[in-house]
Amino acid sequence: MGMLHLSTAGESHGPAEVCILEGVPAHLPISAGDVDRDLARRQRGYGRGGRMGLESDRVTFLAGVRLGRTLGSPLAMLVLNADHENWRPSMQPEPEEGWTVAPVTVPRPGHADLAGLAKHGHDDVRNVLERSSARETVSRVAAGAVAKVLLRELGVHVRGRVIAVGGVATAASADLTDPHSVDWDAVETSDFACHDPESEAAMLASVEDARRQGESLGGVFEIWAWGLCPGLGGYATLAARLDGRLMGAVGSIPAIKGVEVGLGFGAAALPGSQVHDAILLEPGQADRIASGRVLVRSSNRAGGLEGGMTNGQPVVVRAAMKPIPTLMRPLPSVDLATMEAVEAHKERSDVEAVPAARVVGEAMVALELASAYLEKFGGDSLEELRRSVAAYEAGLEERGLWRRS
């Protein structure tokens, strides 16, 4: 990540999740409620496991915020793991005299277990699975909530929805040029973060069928960001290309196996005339840009990114989440202590968690976009940043290149 730097720490059943976010400008209004809302959204969704009933995630700001505003220094955030008390003394930092820990020696297919043992030389899978757990995304969501507040101050909004669970895809499509073609209120009230009631009913039936069979399901979520000015990111260097950064950020979320922008993989099967977005002059009576007309696009197949940069259209990023690899009917594995064939180790798990994953996706997209704004416009305070963005956007409108809608 560029101007914003995120560090996280914590084990799934350890005492807490810790997040440090550097690079946030001073004077940004922020409260615990801004973060807690997204932490709660991350815990919702049909098909979640038993742990969601144990945790009630709340953030505590330890540094970087005073009287409701950021200081310009690193933000430190803490989210306690309530379930930690149920895992003492095996997951406490200090050893307890006279108590021995039974190691986990059976790796689970699809998890980091086996590769992590090889990497670090561990002989207890728990040393790997505790950190590789999706519980780590609590810190990402906390940091992303801060980034969303910063983006909102600049007129940018980030939202996500689920468009498929298992083999069930939403029937309702959306106009990629218009974020309001999605009923975001319906998304938030849906158990599947889906604004298509018929598809939601089919998703529920699919999850229940998977639960009965001891199976798990994956799916696809879609992240939208709009209100973005063109020119964020860059084309001249590998590190500057915002499309690569966004795909990498979303792809770093546990269980994500594919990421696409706009038409994505679908563009590979189409001719260029059906892929690229024509540049048009805004309809009007006059025939010159100087009269106040601006350039527009008739479509957004590029998903708001061209040449590694935002082009002023909504950014639309889609991610494919694999089925959760912890199964109630475990796959074959090997006990590394005896080298005997056994069933894989089983931990408490969800049947599906795609609605929760899209909240993490929102966080990662928000962090990258906020970082791109800070890279381009700088500013040690929110006021400085706003002035720079406003001057740039006014120049774009004067030249007829873009107008904030």
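Just so you know, all these numbers are worked out from the coordinates, no wet-lab data involved. Fair warning: this is a prediction, and the values are worked out from it, not measured in the lab. Every residue, glycine as well, gets a Cβ built from its backbone with ideal geometry; the counts of neighbours run over all protein chains shown.
Can you give the net charge of the other residues whose Cβ lies under 12 Å from the Cβ of residue 264, counting K and R as +1 and D and E as -1? Overall, the nearby charge balance is -1. Assuming charge only on the beta carbon of Lys and Arg (+1) and of Asp and Glu (-1), the dipole of segment 5-398 about its Cα centre is about 340 debye to the nearest 20. Separation of segment 330-350 and segment 116-133, taken as the distance between their Cα centroids, equals 14 angstrom. With Cβ to Cβ distances under 12 Å as the rule, what net charge do the other residues near residue 388 carry (K, R +1; D, E -1)? Residues near residue 388 contribute -2 overall.
Here the Karplus relation 6.51 cos²θ - 1.76 cosθ + 1.60, evaluated at θ = phi - 60°, turns the backbone of segment 11-16 into coupling constants of 9, 3, 10, x, x, 6 Hz, with x for every Gly and Pro.
For the chain, the longest principal axis of the C-alpha atoms and the axis of helix 137-153 are separated by about 20°.
The C-alpha atoms of the chain define a longest principal axis, and helix 242-251 lies at about 20 degrees to it.
Give me the log10 of I(q) over I(0) for segment 5-398 at q = 0.11, 0.12 Å⁻¹, as the Debye formula computes it from C-alpha points; what are the numbers? Computed log10 I(q)/I(0) values: -0.86, -1.01.
Within 10 Å, at most 12 other Cβ atoms, and a DSSP state outside H, G, I, E, B define an exposed site. Report the longest part of the chain free of exposed GluC sites (Glu not before Pro). Within the chain, the longest run free of exposed GluC sites (Glu not before Pro) spans 98-405.
In segment 5-398, taking the dipole from charged Cβ atoms about the Cα centre, the farthest positive-side position among 182, 276, 327 is held by 276. Peptide packing for 226-236, 310-320 was compared via the average number of neighbouring C-beta atoms within 10 Å per residue; ordered from the highest value, the list is 310-320, 226-236. When the charge dipole of the chain is built from unit charges on Cβ atoms (+1 for Lys and Arg, -1 for Asp and Glu) and taken about the Cα centre, the candidate among 294, 63, 95 whose Cα reaches farthest toward its positive end is 294.
Over the chain, dividing the summed -39,500 (n - 2.57) contributions of all DSSP H runs of at least 4 residues by the number of residues returns a 222 nm mean residue ellipticity of -9000 deg cm²/dmol. Net charge in the neighbourhood of residue 277 (other residues with Cβ under 10 Å of its Cβ; Lys, Arg +1, Asp, Glu -1) is +1.
Between segment 205-243 and segment 81-109, the alpha-carbon centres lie 34 Å apart. Against the chain, whose longest principal axis is taken from its Cα atoms, helix 197-212 shows a tilt of about 20°. Annotation: amide H-H contacts under 5 Å for residue 342 (H modelled 1.01 Å from N, sequence separation of 5 or more, or interchain): 333, 334, 335.
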